[in-house]
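Notes follow the structure.
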Amino acid sequence: MPEISSALRTLVARRAGYLCEYCLIHEEDTWFGCQVDHIVSLKHGGPSVSDNLAYACAFCNRFKGSDLGSISEITGQLTPFFNPRTAHWAHHFVLRGALILPISATGEVTVRIFGFNSEEQVLERQALIGKGRYPSAAAAARIKRRD
């Protein structure tokens with residue numbers, strides 16, 4: 001397995017604003033921190049280059065695994081997961097309190113497979129909301145962005 005250099009890891013983390021690019025939790029607010037994720041996994045031929053890497057919390061990275069997508073319950077079609085390199089968060093999700101709700105088929109498969117609204121994730125976000133830490137300013141900018 002090709003090693004991801006320290007410089008590339010730093011680039012990915014800084015580009016993400018130290019947020020999980022999927023659920024938008026800040027790495028300081030999650031027990032296990034964040035990891036560099038291959039959007040298209042090595043097993044599927046994805047390269048270890050900046051355009052194929054995302055910053056992901058341990059939960060999102062674990063649930064995503066090497067999968068590329070899932071069958072959408074909306075369309076019944078194979079649908080790719082949200083790709084933070086090519087798509088805007090606000091085109092696929094909306095934050096309602098501590099829930100991340102899908103607004104597209106891509107959002108639906110990502111929310112469901114990544115477990116965005118699992119009891120643990122919702123409780124974590126509720127606690128962070130209570131402390132004024134979720135969404136962070138950087139996450140709020142991604143939530144509101146519509147370009």
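Determine if the range 127-145 includes at least one residue that is aliphatic (A, V, I, L, M), part of a loop (DSSP other than H, G, I, E, B) and either open to solvent by less than 70 Å² (accessible area, probe 1.4 Å) or within 22 Å of I39 (Cβ to Cβ) (or both). No: the range 127-145 contains no residue that is aliphatic (A, V, I, L, M), part of a loop (DSSP other than H, G, I, E, B) and either open to solvent by less than 70 Å² (accessible area, probe 1.4 Å) or within 22 Å of I39 (Cβ to Cβ) (or both). Scanning the range 95-147 for residues being without any contact (Cβ under 8 Å) to a residue 40 or more places away in the chain and aliphatic (A, V, I, L, M) gives a total of 13.
Within the range 102-115, the residues that satisfy the criterion of being surrounded by 15 or more Cβ atoms within 10 Å (Cβ to Cβ) and among the aliphatic types (A, V, I, L, M) are A105, V109, V111, I113. The number of residues in the range 18-39 being open to solvent by less than 30 Å² (accessible area, probe 1.4 Å) and under 25 Å from A98 (Cβ atoms) comes to 12.
Here are P80, P47, P84: which of them is open to solvent by 30 Å² or more (accessible area, probe 1.4 Å) and either under 16 Å from the mean Cα position of the chain (by Cα) or β-branched (V, I, T) (or both)?
Details: P47 fails: either under 16 Å from the mean Cα position of the chain (by Cα) or β-branched (V, I, T) (or both); P84 fails: open to solvent by 30 Å² or more (accessible area, probe 1.4 Å).
Exactly one of P80, P47, P84 is open to solvent by 30 Å² or more (accessible area, probe 1.4 Å) and either under 16 Å from the mean Cα position of the chain (by Cα) or β-branched (V, I, T) (or both), namely P80.
L99 - would you say it is more than 17 Å from F116 (Cα to Cα) and surrounded by fewer than 16 Cβ atoms within 10 Å (Cβ to Cβ)? Answer is no for this residue.
The values are calculated or read from the model by the stated rules, or taken from the named source; none is laboratory data. Because the structure is a prediction, the values reported are computed rather than measured. Methodologically, a virtual Cβ is constructed for each residue, glycine included, from the backbone with ideal geometry; neighbour enumeration extends over all protein chains shown. The area values use the complete protein model at the heavy-atom level, side chains included, leaving out ligands, DNA and RNA. Shrake-Rupley method; radii C 1.70, N 1.55, O 1.52, S 1.80 Å.
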